[in-house]
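Worksheet: one structure, shown below.
The values are calculated or read from the model by the stated rules, or taken from the named source; none is laboratory data. Not measured: the values here are computed from a predicted model. Note that we place each Cβ from the backbone using ideal geometry, even for glycine, and neighbour counts take in every protein chain shown. Protein only, heavy atoms only, side chains kept; ligands, DNA and RNA dropped before computing areas. Shrake-Rupley method; radii C 1.70, N 1.55, O 1.52, S 1.80 Å.
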Amino acid sequence: MIKGTVLIDRDICKGCELCIVACPQESLGLSKQININGYRFAELIQDNCTGCVNCALVCPDVAITVYRQPKSAIKRAG
Amino acid sequence: MEQEKISNSIAGQKTGEARLMKGNEALAEAAIRAGIDAYFGYPITPQSEVLEYFTNEMPKRHGVVLQAESEVAAINMIYGAAGAGGRVMTSSSSPGISLMQEGISYIASAQLPCLIVNVSRGGPGLGTIQPSQGDYFQAVKGGGHGDYHLAVLAPSSVQEMADFVFDAFRIAEKYRTPAMILADGALGQMMEKVVLPEEGSLPKTEKPWATTGKLDSRDRNIITSLFIEPERMEVINLGLQEKYKQMQSEVRFEEFALDDAEVALVAFGLSARICQKVVDLAREKGIKAGLLRPITLYPFPHDALSKLSEKVNFMLVVEMNAGQMVEDVTLAANGKCPVYFKGRMGGMIPSPEDVLKELESLVEKQSVSQD
Amino acid sequence: MEIALETTTAPTINGFELVYKKPSTLTDTPFHYCPGCGHSVVHRLLMEVIEEMGIQEQTVGVAPVGCSVFAYNYMDIDMQEAAHGRASAVATGVKRILPDKFVFSYQGDGDLAAIGTAETIHTVNRGENILMIFINNAIYGMTGGQMAPTTLLKQVTSTSPYGRNKEAMGYPLKITELLAQLPGAYYVSRQAVYNVNSVRKLKKSIEKSFAYQKLNKGTCFIEVVSNCPSGWKMTPVESNKWLEENMFPQYPLGDIKTPKE
């Protein structure tokens, strides 16, 4: 299983939740705290992200940067 | 004598050679010679010949000509093309110019150089197609929303219809402002001798602010009139007002027989031609009359009129409207001498005799009051 | 695996490769749009295509009056701000002066299909070689949620408080189908950004449009059926669901006119 991760700019995020519903792994959820604009922001709530980029594609605020395990690493690990 | 073949293409004509031309066509030919990149227009009497001329000539020479779907579309094409760095022009007549007012306000705020020609016709409303000067206020005071002005030149001959195209573009590009030629249906339709300006004799100006595609070497250019923060919007306004102050140096007017004048006529455009005749007729009757003709309606020859008001017994302003420039003349005179008005409306043109009669009665009334 | 949450665009983190980041053609200004609004997704896709095609220096955009009036704060290209409804006329002026540059106009439904209808129809009828982007969210967003020409029947807005009724307020205007009839329209498509799949498809549509623009064969026109969480008074997630159930029947997605290759 490919592993990946996301970096979410908590101050840009407006808590619209579109990434949360777009994530096939249900890796994302809304934070308990609020950001400087008063929004609860999206964050990783599970470590099962596959770096599929869905969340970043639907994010209206370009708040998400996505990283993914390179294929070569998986072969070695597999 | 072998009939010298007159080339129908005026382009081929040697410079300096006089030619008989209609005002609208002299204006268009001068614009091509001024090197315009594009003309966007819409048919409306009495100036459709301008658009027709461009559609005939530009394909053979250079420049884009586009008949838009409305004057509203045309002025917004001007905005886009001027913002992209083009030397561009539109023309219309009173009702069409009214449709352009919103666009012109945007152009003034975005500081885009361009030429707008109003070949005015009698109004208000659909009005008539006969000449009028009823758009003076709209042209001079800024006919759209907000505080702004256009540089406004008022030709009174076919020669000036051609020459002022060059002057208007020079001013527009020097100050990054829309400029207007305020003519009328008679000037547009009449034919007179004209010596056309030399092709290409108006140098292009640098427009680093234009949206020509963001180069790596510079930040992006944005053409806008939107400044949502009032602090910013005021700074933009202060800049415009500073520009208009600097533009005062472009003021132009002409004086006839004013050296020894005891009474002065003040008139622009077509009315000024009529008043020139009145000056001659009056002098034949022993009335020392003279004429001051504003050429730039904005900047207005305020100082010249102020000085004149100290010298003459009264001023008679003659216009083809209900009295518009007379207000500015009165302001310039500032009570130093009486300012009277004689006008015709609805597309009627005052005759020299009409004006002379008015002048004589004013002289008489004035001399009676002095006894 | 705890990763520092502040954004970085380092090529790798703990051996993971960067696979998605913000395009360089977007400025650093955060979007002002309401949470979940589709506008900024379209902005990003537009700028992604411009970045990938390497035409940042060749492109001039025209922003409208509407929610996207500040589009030029986000798009790092030369841009012009048009009067309400006149973006396609402004774009015509730009393209006629700069025929070799890529030019696009970006408008909302009020701007393009109400006040700007004449400009819209005649720009396409002239086959101006520009890309016209039309965001249809069936409402005037910036001014506070009023009815638009594309507002659906029975849809409640601040100026159709009892729901739009055809007797008084006429029908939702399918301007895109109208425009597709015009020979000047070279490529006409209706897309959306309500889910991942539609976002991918819209990007392809934009890529095609810029490719077509080089051929000088006519106007490319993309309608994006989009949401307005604030105007519709729904959450972003609900708005995309409502859009799917109510907007798509009236405004079916897909290419409406494609050039015969």
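Things to note:
- Legend: residue pairs C:Lys203/C:Lys233; A:Lys71/C:Lys21; B:Lys174/B:Lys204, Cα-Cα distance threshold 21 Å; pairs beyond threshold, C:Lys203/C:Lys233.
- Rounded to whole Å, the principal axis extents of the Cα atoms in region B:110-180 read 35, 33, 13, largest first.
- For the set B:Asp37, C:Asp100, B:Asp280, the ranking by accessible area, highest first and with no ligand, DNA or RNA atoms included, is C:Asp100, B:Asp280, B:Asp37 under a 1.4 Å probe.
- In straight-distance terms, cross-link reach from B:Lys193 covers every one of the aspartates and glutamates whose alpha-carbon lies under 17 Å from its own, apart from those fewer than eight places away in the same chain; here that gives B:Glu17, B:Glu25, B:Glu29, B:Glu160, B:Asp163.
- Neighbourhood charge, 12 Å Cβ-Cβ cut-off, centred on C:Thr235 and excluding it, Lys, Arg +1 and Asp, Glu -1: +1
- The H on the amide N of A:Ile34, modeled in the peptide plane, is under 5 Å from the matching H of no residue at least 5 residues off or on a different chain.
- Two-site FRET efficiency, B:Met348 against B:Lys307, from Cβ-Cβ distance with R₀ of 22 Å, rounded to 0.05: 0.10
- Taking A:Ile36, A:Ile12 and ordering them by how much accessible surface each has at a 1.4 Å probe, largest first, produces A:Ile36, A:Ile12.
- Approximate spin-label separation B:Glu206-C:Gln146, in nm, with each point projected 7 Å along Cα-to-Cβ: 4.5
- Here is the interface size for C with A: some 2900 Å² of accessible area buried, both sides summed, with a 1.4 Å probe.
- The lysines whose alpha-carbon is closer than 24 Å to the alpha-carbon of B:Lys365, local same-chain residues fewer than 8 away aside, are B:Lys277, B:Lys285, B:Lys288, B:Lys307, B:Lys311, B:Lys336, B:Lys342, B:Lys357.
- Region B:119-133 and region B:273-314 have their alpha-carbon centroids 26 Å apart.
- When both region B:230-265 and region C:72-104 are represented by their alpha-carbon centers, they are found 34 Å apart.
- For B:His145 and B:Ala18, the FRET efficiency from 1/(1 + (r/R0)^6), where r spans their Cβ atoms and R0 equals 45 Å, is about 0.55.
- Its alpha carbons considered, chain B gives a radius of gyration followed by a Dmax of 21.5, 79 Å.
- Most fluctuating residue given options C:Met47, C:Met169, C:Met79, as computed from a GNM of chain C linking Cα atoms under 10 Å: C:Met169
- Helical contribution to [θ] at 222 nm, DSSP H n ≥ 4, -39,500 (n - 2.57), averaged over chain B, rounded to 500: -12500 deg cm²/dmol
- DSSP-defined antiparallel bridges as percent of all bridges, the protein assembly as shown, nearest 5: 35
- Model label points for A:Ser72 and C:Glu51, set 7 angstrom from Cα along the Cα-to-Cβ axis, are 2.5 nm apart.
- Ligands, DNA and RNA left out, the accessible area of the protein assembly as shown computed with a 1.4 Å probe is 54% carbon and sulfur.
- Neighbourhood net charge (13 Å Cβ-Cβ; Lys/Arg +1, Asp/Glu -1) for B:Pro352: +1
- Accessible area per residue, Å², the protein assembly as shown with all protein chains present, probe 1.4 Å: 40
- If R0 is 56 Å, the Cβ-Cβ spacing of B:Ser249 and C:Lys154 corresponds to a FRET efficiency of close to 0.35.
- Unit charges on C-beta of K, R, D, E only; dipole of region B:222-371, Debye: 220
- Counting charges near B:Leu20 (Lys, Arg +1; Asp, Glu -1) among other residues having Cβ under 9 Å from its Cβ returns a value of +2.
- When C:Lys260, C:Lys174 are compared by accessible area at a 1.4 angstrom probe, the order from most to least is C:Lys260, C:Lys174.
- Two-site label geometry, B:Lys365 and A:Ile45: point separation in nm, points 7 Å out along Cα→Cβ: 8.9
- Antiparallel DSSP beta bridges within region C:1-122, as percent of all bridges there, nearest 5: 25
- Taking B:Gln189, B:Gln246, B:Gln159 in turn, the Gaussian network model of chain B (Cα-Cα springs below 10 Å) assigns the largest fluctuation to B:Gln246.
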